[in-house]
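Q: Got a structure for you, questions after.
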Amino acid sequence: GVFEKEVNDSLLQYKADFAVHSLKDLHAGFSEKLIIASIPKREKPYDVFINNIDDKKLNELRSGSIIGTSSIRRAIQIKIKHPSITIKSIRGNIETRITKSKENNYAGIVLAEAGIKRIGLDKRITQRLNIQSFTPSPGQGALAIVCRKDDKDIINILKKIEHADSRNEIETERALIDNIGAGCTIPLGALAITNKEGNRMSLFTSIYSLDGKKSLKHREKGDSTQPQKMGKKAAEYLISKGAKEITKEWNKNSNNKEIDIIKGIIHNE
C-alpha cells in the first residue's frame, strides 16, 4: 500500500503521466483525481507450485514437507487441501522467495503464474493449481494502468490497449469485494472467466474463516456485459451464507500479526 501510494503520488505531482500496477494490489480508495484508464489483456490468473527438489506435485509430497507463501489465502487453501503439509511465511520478490526457499530447504513455494511468466521463469512451474481449490485473489494476473482523471489525451492513448473481456472480469471481481466489504487482509478468492463467445461469464468465489475451518464457495453465471450486477449477485449469495460474519471476524483481528491470525496454520520463519 505504501509503494502503491508513492507511485500514484507521482501522478498527482505531475512527475509522471501514467502508472502501471499489479491490479490485485491496487485497492479501492485511491485519489478521486485518478482513474484506472486501461486494463490490458490479462495474463493467466492461476496460482502455481514450484517444487525446489523434484517434479512432485503438492498431493505427492511427503508428510511434513514445507511450503513457503506470503499469502494467508494460499496458506489456508493449501492446509485445507493438504493438511499434512507445513506452511511457512516467505517474503520478497519472486527471485528472493525462490532463493530463500532453497536456502531453507523448503519443498517449494506457491506464487501467481502471471508473475512467474513475466520474468521468464515459467519453465520452473511444477503444477498449475485448480481454481476450485485455489481460487486466486481478485484481479490476479491483470495490470491496472492509472492516470489523472482529467488527462483526456493520455486516457485516449491508454484505451487503445484496453482489453474488454479483461475489464469486465476485473469489474466483476471488484464489485464482489465492494459489496461484501472485504478488505485486503481477508482471504477471499474471486475469478471471473469469459466464455469464447464473449457474452457469458462465470465467477468463481471463495472466502475463509479466521481458523480456516469454514469456507464459503460459490459459482455465479451471468451476462459478461453486466459485471457490477453479477458481482453484486454473487456477494449477496455469500452474505446470505455468512460472509459478513467472516469478514467481521477478520477485521476484528486485523491489528494482530497476520501470521498469528491463522492460529497455527502458518508457522513463522
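The values are calculated or read from the model by the stated rules, or taken from the named source; none is laboratory data. Everything quoted here is computed from the prediction, not taken from an experiment. Backbone-built Cβ (ideal geometry, glycine too); neighbour counts: all protein chains shown. Each accessible area value is taken on the protein alone, full model and side chains, heavy atoms only, with ligands, DNA and RNA left out. Shrake-Rupley method; radii C 1.70, N 1.55, O 1.52, S 1.80 Å.
Q: Excluding ligands, DNA and RNA, what is the solvent-accessible area per residue of the stretch 1-78 at a probe of 1.4 Å, expressed in Å²?
A: 53 Å²
Q: How far, in nm, would the chain grow between residue 237 and residue 195 when pulled straight, counting 0.36 nm per residue and subtracting the alpha carbon separation?
A: 12.9 nm
Q: Can you tell which of 216, 111, 189 lies farthest toward the positive end of the dipole of the chain, using +1 and -1 charges on the Cβ of basic and acidic side chains (Lys, Arg; Asp, Glu)?
A: Positive-most Cα among the choices belongs to 216.
Q: Just add up the charged neighbours of residue 162: K/R +1, D/E -1, any other residue whose Cβ is under 13 Å from the Cβ of residue 162.
A: +2
Q: Another question, then. Which far-off residues, 5 or more places away or on another chain, put their amide H under 5 Å from the one on residue 47, with H placed in the peptide plane?
A: Amide H neighbours of residue 47, under 5 Å, 5+ apart: 113, 129.
Q: Another question, if that's okay. Using +1 at the C-beta of Lys and Arg and -1 at the C-beta of Asp and Glu, which of 89, 23, 141 has the Cα lying farthest in the positive direction of the dipole of the chain?
A: With unit charges placed on the Cβ atoms, the residue in question is 89.
Q: Roughly how many debye, to the nearest 20, is the charge dipole of the stretch 110-176 about its Cα centre, given +1 on each Lys and Arg Cβ, -1 on each Asp and Glu Cβ, and no other charges?
A: 240 debye
Q: Oh, and also: Only Lys, Arg, Asp and Glu count, each charged at its Cβ (+1, +1, -1, -1), so figure out the dipole size of the chain about its Cα centre, rounded to 20 debye.
A: Computed about the Cα centre, the dipole is about 660 debye.
Q: Moving on. Round to the nearest 10 and give me the degree value, 0 to 90, for the angle of helix 227-240's Cα axis relative to the longest principal axis of the chain.
A: It works out to around 40 degrees.
Q: Still on this model: On the protein heavy atoms, probe 1.4 angstrom, tell me the percent of accessible surface of the chain carried by carbon and sulfur.
A: Carbon with sulfur: 48 percent of the solvent-accessible area.
Q: How far, in nm, would the chain grow between residue 27 and residue 4 when pulled straight, counting 0.36 nm per residue and subtracting the alpha carbon separation?
A: Difference between extended and current length: 7.4 nm.
Q: Beta carbons within 10 angstrom, averaged per residue: use that to sort the peptides 46-52, 167-173, 98-104, highest first.
A: 167-173, 46-52, 98-104
Q: Provide Rg over Rh for the stretch 26-108; use the alpha carbon set for both Rg and the Kirkwood Rh (inverse mean inverse pair distance).
A: 1.10
Q: Stretched out fully, how many nm does the piece from residue 162 to residue 41 gain, at 0.36 nm a residue minus the Cα gap?
A: 42.9 nm
Q: If you don't mind, there's one more thing I want to ask. For residue 128, what accessible area in Å² do you get when you roll a 1.4 Å probe over the heavy atoms of the protein chains, rounding to the nearest 10?
A: Rounded to the nearest 10, the figure is 120 Å².
Q: Each residue of the stretch 67-76 in order: what ³J(HN,Hα) in whole Hz does its phi give by Karplus 6.51 cos²θ - 1.76 cosθ + 1.60, θ = phi - 60°, with x for Gly and Pro?
A: Listing the rounded values in order: 10, x, 7, 9, 10, 4, 4, 5, 4, 5 Hz.
Q: Across the stretch 150-155, in residue order, what do the Karplus-derived ³J(HN,Hα) couplings come to in whole Hz, using 6.51 cos²θ - 1.76 cosθ + 1.60 with θ = phi - 60° and x for Gly and Pro?
A: 8, 8, 4, 5, 5, 4
Q: Now, a different point. Under the Karplus relation 6.51 cos²θ - 1.76 cosθ + 1.60, θ = phi - 60°, what is the ordered set of whole-Hz ³J(HN,Hα) values for the stretch 199-212, x standing for Gly and Pro?
A: Each residue's phi maps through the Karplus curve to give 10, 10, 9, 10, 10, 8, 9, 7, 8, 10, 6, 4, 8, x Hz.
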